[in-house]
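J.: Could you have a look at this structure, given as structure tokens, before my questions?
The values are calculated or read from the model by the stated rules, or taken from the named source; none is laboratory data. Predicted model only: the values in this text are computed from it and were never measured. Backbone-built Cβ (ideal geometry, glycine too); neighbour counts: all protein chains shown. Areas reflect the complete protein model, heavy atoms only, side chains present, ligands, DNA and RNA absent. Shrake-Rupley method; radii C 1.70, N 1.55, O 1.52, S 1.80 Å.
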Amino acid sequence: VGVYFWAVRDLPGFTRIADYRPALTTTVLARDGSVIGSFYRENRFLISLDQMPKMLPKAFLAAEDAEFYEHEGVNPVAIFRAFLINLQSGTKRQGGSTITQQLIKNKLLTTEKSYKRKIQEMSLALQLEKVYTKDQILEAYLNSMPLGGTNYGVKAAALDYFGKSLDELTLRECA
């Protein structure tokens, strides 16, 4: 109990996720509607979950957090499994984080691999799941996660890697 209170004593407020207003990509179009160029520091577009192909969120859930809709923001079995793997390897290679925890880590905390940060991540994830729906959390995750280079979110990654809009992606590309 003492370790928990020590770890969470200086937590940031998770309401910053709701207030999150990232800089978006500015796209310059020609008169005919074709793209001339884009300006950005972080290549990012916001898109609602219902505008994404149904298979896209499912592909992320299968890879990142298959029990996303069943847990309360923290998956103790995944964390324990990661702990055992890390104990065997002598490193901190796995974290057992849920999608909610990854969103918290990337928006509010550091990427430092420590037990204190993991406790903070779990505490904030449990709080976040009480305030936001699973779909709101998944939408925020899919719009904000770094997906290589300067790409943040699934729409920017689809355009950069495949030169396609999200609705043109194949199942393989979604995965």
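J.: Among (1) farther than 17 Å from L142 by Cβ; (2) open to solvent by less than 50 Å² (accessible area, probe 1.4 Å); (3) not hydroxyl-bearing (S, T, Y), there is one condition F68 misses while meeting the rest; what is its number?
T.: (1)
J.: Looking at region 133-143, can you tell me whether even one residue there is surrounded by 14 or more Cβ atoms within 10 Å (Cβ to Cβ), in contact with a helix residue (DSSP H, G or I) (Cβ under 7 Å, 6 or more places away or on another chain), hydroxyl-bearing (S, T, Y) and free of Cβ contacts under 8 Å to residues at least 60 places away in the same chain?
T.: Among the residues of region 133-143, not one is surrounded by 14 or more Cβ atoms within 10 Å (Cβ to Cβ), in contact with a helix residue (DSSP H, G or I) (Cβ under 7 Å, 6 or more places away or on another chain), hydroxyl-bearing (S, T, Y) and free of Cβ contacts under 8 Å to residues at least 60 places away in the same chain, which makes the answer no.
J.: Please count how many residues of region 58-83 are farther than 21 Å from E129 by Cα and either among the polar types (S, T, N, Q) or modelled with pLDDT under 85 (or both).
T.: 3
J.: Pairs needed: first member in region 24-35, among the hydrophobic types (A, V, I, L, M, F, W, C); second member anywhere, modelled with pLDDT of 80 or more; C-beta distance under 8 Å; at least 6 residues apart or different chains.
T.: Note: pairs meeting the criteria are L24/R44; L24/F45; L24/L46.
J.: So which residues in region 57-72 are part of a loop (DSSP other than H, G, I, E, B) and in contact (Cβ under 8 Å) with a residue 60 or more places away in the chain, if there are any at all?
T.: The answer is F68, Y69.
J.: Sticking with this structure for a sec: Conditions first: (1) open to solvent by less than 30 Å² (accessible area, probe 1.4 Å); (2) in contact with a Pro (Cβ under 8 Å, 6 or more places away or on another chain). L128 passes all but one, so which condition is the exception?
T.: For L128, the failing item is (2).
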